[in-house]
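To start, the structure itself, in structure tokens.
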2 protein chains.
Amino acid sequence: MSTTASDPYFSRLDGVAESTRRLDPVVWDGGEGPLTRDELDRYHRNGFLLFPELIGPERVAAMWEEAQRLAVRGRERGEEGMIIEPESDVVRSVFLLHRHSRLFAEMIASPELVGRARQLLGGDVYVHQSRVNFKPGFLGKEFYWHSDFETWHMEDGMPRMRAVSASIMLTENNEFNGPLMLIPGSHHTYFRCPGKTPDDHHTMSLRKQEYGVPTRDQLTDLVRERGIRSAKGPAGTVLFFECNVMHGSSGNITPYQRNGMFLVFNSLENRLQEPFAGIPPRPGFLAERNPVPVP
Amino acid sequence: MSTTASDPYFSRLDGVAESTRRLDPVVWDGGEGPLTRDELDRYHRNGFLLFPELIGPERVAAMWEEAQRLAVRGRERGEEGMIIEPESDVVRSVFLLHRHSRLFAEMIASPELVGRARQLLGGDVYVHQSRVNFKPGFLGKEFYWHSDFETWHMEDGMPRMRAVSASIMLTENNEFNGPLMLIPGSHHTYFRCPGKTPDDHHTMSLRKQEYGVPTRDQLTDLVRERGIRSAKGPAGTVLFFECNVMHGSSGNITPYQRNGMFLVFNSLENRLQEPFAGIPPRPGFLAERNPVPVP
């Protein structure tokens, strides 16, 4: 493939399971903003920061109502970006919050969220992807280890590591209901994942990640060296995690539901190109191609 | 079914999802033995007791070697009670430890294990089931909520609640690799599970529990009232849990393997009858029908 030669973050070549050092800064700016020097250091070192109850209960309740409203409206109108459970006709995810909802747009533009993202990414940012996941108890499926950046680079054409996700817990995440597990410090390394990307991979990958995942040997070494941490907290807790940090989650057999909002901030300097896997771009609700800076 | 009318612990009738109070004591004796008054009280209340590092590292290592030896021998000879992964020909479980191995038989007869069991069950006990599970990382499947007693009663003919399991961790169980989750106090209630038992259920149920499981409504109420606890600890930690306590475990996507030995002690006064589900009994490696008291 012609892209491979010039792409430092190439991946998904048959039989190639190697790793390479990250070429980009982790903290792009670190100037003025809500994050302290110590927090920036920890983010640099671990690749994530957890803020217990950063969002108050009234705002969590408002987000929850708005998400429900969007789900009902989206299903009625057949809007783009609704992921519907085939058996039950129940909405599992609502995407494009930053476009569909004034409340979410304001939320995103609040200093707690965009302020931190600007500080980490150094300057103006836009929303690469936004969604609410409704995960009822008993049914939660596991999500295997992956780096978001590997997917966004190969399937969406995100050129460099200059994006950060914010995961806002709308229900408690505890040790039982499959919280996000992260490998601290894994974002310093880029893992080239073996295997070719099938066409229309994205229609499957929202449910189960089978391509763009590291090998068991890579994961074994990584965890031996760095361990695992999990993101737990009551509703309103926010996890910021770097786009290249390795993460996954176990399934959930408990009655505890696990609802959350996910936001991906990307630097305006890092807008999407053609997918580096040489495949057609994924739909816009998964990867924003018309960036508007968050005010 | 004729058994239903006279069986206080009937279960698996179409559409019947009800619960009834436990009729049997939890602690049958409580006399002399290694367990303190406080431990007996906690066992009565919660239905389980966790003893961190009860078994020393040398004995854990010896058990591990013996288990490996039994697996190799069992596969070579095609012995009963070997559960083999179909794809890889790898042994996943070795049963009948109390029959096949002097080392395990001695281990079982040690005061740490049988002493506690005798104290809880009031008098002489035998081994209803024994096994080692080899659970490598990445592959661990979830095990849905269930009461062991419900299965042992319906499928093996165990008449009353007078049995206790000992789970001996041969590798660390932590919050990431799918430790056993228990609902404290759930053993005070017997949940009749809806649905009929299919023939040869046991060939499936070792992998996935689909019958003999409570409904989501039952579990939701139970967890709301009582919460969830998980059994974590380093290798050598032993969990004793009552035969009717509701438990389950999540899958394991981490590289951390989860090997363990399981022992079920049953009172000699509680030996098996015909299965209460009116089906043929399961094989002897799952349910001992020729009880020999542990010396």
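The values are calculated or read from the model by the stated rules, or taken from the named source; none is laboratory data. Predicted model only: the values in this text are computed from it and were never measured. Backbone-built Cβ (ideal geometry, glycine too); neighbour counts: all protein chains shown. Side chains included, ligands, DNA and RNA excluded: accessible areas come from the protein's heavy atoms. Shrake-Rupley method; radii C 1.70, N 1.55, O 1.52, S 1.80 Å.
Worth pointing out:
- Looking at A:ALA71, A:ALA17, just one residue is over 24 Å from A:VAL164 (Cα atoms), of a type in the set (A, V, I, L, M, F, W, C) and not in a loop (DSSP other than H, G, I, E, B), and that residue is A:ALA71.
- Residue match in the range B:34-43 (condition: outside any helix (DSSP H, G or I), polar (S, T, N, Q) and free of Cβ contacts under 8 Å to residues at least 12 places away in the same chain): yes
- Within the range A:249-259, the set of residues being under 18 Å from the mean Cα position of the chain (by Cα), surrounded by 23 or more Cβ atoms within 10 Å (Cβ to Cβ) and at the interface with chain B (Cβ under 7 Å from one of its Cβ atoms) comprises A:SER250 only.
- Complete set of residues in the range A:254-281 that are out of contact with any Phe, Trp or Tyr (no Cβ under 6 Å at 6 or more places or on another chain) and under 22 Å from B:SER250 (Cα atoms): A:PRO255, A:TYR256, A:GLN257, A:ARG258, A:GLY260
- Boolean, A:ASP221 is within 10 Å of another protein chain (Cβ to nearest Cβ), without any contact (Cβ under 8 Å) to a residue 24 or more places away in the chain and surrounded by fewer than 23 Cβ atoms within 10 Å (Cβ to Cβ): yes
Let's see how each residue does on (1) over 14 Å from A:GLY233 (Cβ atoms); (2) touching a helix residue (DSSP H, G or I) at 6+ places or on another chain (Cβ under 6 Å); (3) charged (D, E, K, R):
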{"site": "A:ARG21", "(1), (2), (3)": "yes, no, yes"}
{"site": "A:THR36", "(1), (2), (3)": "yes, no, no"}
{"site": "A:GLU39", "(1), (2), (3)": "yes, no, yes"}
{"site": "A:LEU50", "(1), (2), (3)": "no, no, no"}
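- Flag for B:SER93 being under 28 Å from B:CYS193 (Cα atoms), open to solvent by less than 10 Å² (accessible area, probe 1.4 Å) and either part of a loop (DSSP other than H, G, I, E, B) or in contact (Cβ under 8 Å) with a residue 60 or more places away in the chain (or both): no
- For the range B:37-47, a tally of residues being open to solvent by 20 Å² or more (accessible area, probe 1.4 Å) and either acidic (Asp, Glu) or at pLDDT 95 or above (or both) returns 7.
- If the condition is being out of contact with any strand residue (DSSP E or B) (no Cβ under 6 Å at 6 or more places or on another chain), open to solvent by less than 10 Å² (accessible area, probe 1.4 Å) and assigned to a helix (DSSP H, G or I), then the range B:140-187 contributes B:PHE149, B:GLU150, B:HIS153, B:MET154, B:GLU155, B:ASP156.
- The residues of the range B:234-248 that are within 14 Å of chain A (Cβ to nearest Cβ) and surrounded by 24 or more Cβ atoms within 10 Å (Cβ to Cβ), listed by number, are B:MET246, B:HIS247.
Residue-wise test of (1) part of a strand (DSSP E or B); (2) at pLDDT 95 or above.
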{"site": "A:VAL213", "(1), (2)": "no, no"}
{"site": "A:VAL223", "(1), (2)": "no, yes"}
{"site": "A:GLY248", "(1), (2)": "yes, yes"}
{"site": "A:MET261", "(1), (2)": "yes, yes"}
{"site": "A:VAL264", "(1), (2)": "yes, yes"}
{"site": "A:PRO291", "(1), (2)": "no, yes"}
